[in-house]
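Visitor: Shown below is the structure under consideration.
Coordinate-derived values only; no laboratory data. The structure displayed is predicted, hence computed values, not measured ones. Quick reminder, even Gly has a Cβ in these numbers, built from the backbone with ideal geometry, and neighbours come from all protein chains shown.
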Amino acid sequence: VAAIIILVLLSRSRWRLHPVLQKSGLGRLGEALSLFASPVRLAPLLCLSLAAWLLEVAVFASVAWSLGLPASGSWSAMGAGTLGTLLPGSPGHLGTFDFFAMNGMMIHGVERNLALAYAVVVHVVLWLPLTALGVLLLLLPTEGSADGR
């Protein structure tokens, strides 16, 4: 977040990046991020971001409801699990996401084994559909390819 703010401020100030950096991806990133400095452009993005977070917590709450767990734990589990993905871990955040989401649910009095089952189910529900879609899109032929790949 701090890097984004610095790049936006640099793009709007009289200070400029070194020409070598300006021609690199860093300069283009600063130009792209400066487009979001306008509240007119930033407001819809914030609304979309809020909607995405609410839909994600709805997944957490749905799994909690289906397992008979307190829905209030969904907020803690989502927050803890999402922050846990910032730690280096295995592909798909296996282990780190689950550990922190489990602990987020345990804060609300859920027994450890049930909280772990909850975290694993949430992880599968969030991960499997998008991964399956990605694999499907990788297997589809692209336009303009002679051999259909």
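Visitor: Compute the distance in nm between two label points, each set 7 Å from the Cα along the Cα-to-Cβ direction, one at W127 and one at S90.
Guide: About 0.8 nm, to one decimal.
Visitor: Let me ask something else. Beta carbons within 10 angstrom, averaged per residue: use that to sort the peptides 86-98, 125-137, 104-116, highest first.
Guide: Peptide ranking by packing, descending: 104-116, 86-98, 125-137.
Visitor: Could you give me the radius of gyration and the Dmax of the range 44-103, taking only the C-alpha atoms into account and expressing both in angstrom?
Guide: Every Cα atom of the range 44-103 included, Rg and Dmax give 12.4, 36 Å.
Visitor: One quarter of the convex hull surface, Cα atoms only: what value does that give for the range 60-149 in nm²? Could the numbers behind the result be given before it?
Guide: Details: hull surface 28.4 nm².
Average projection, Cα convex hull of the range 60-149: 7.1 nm².
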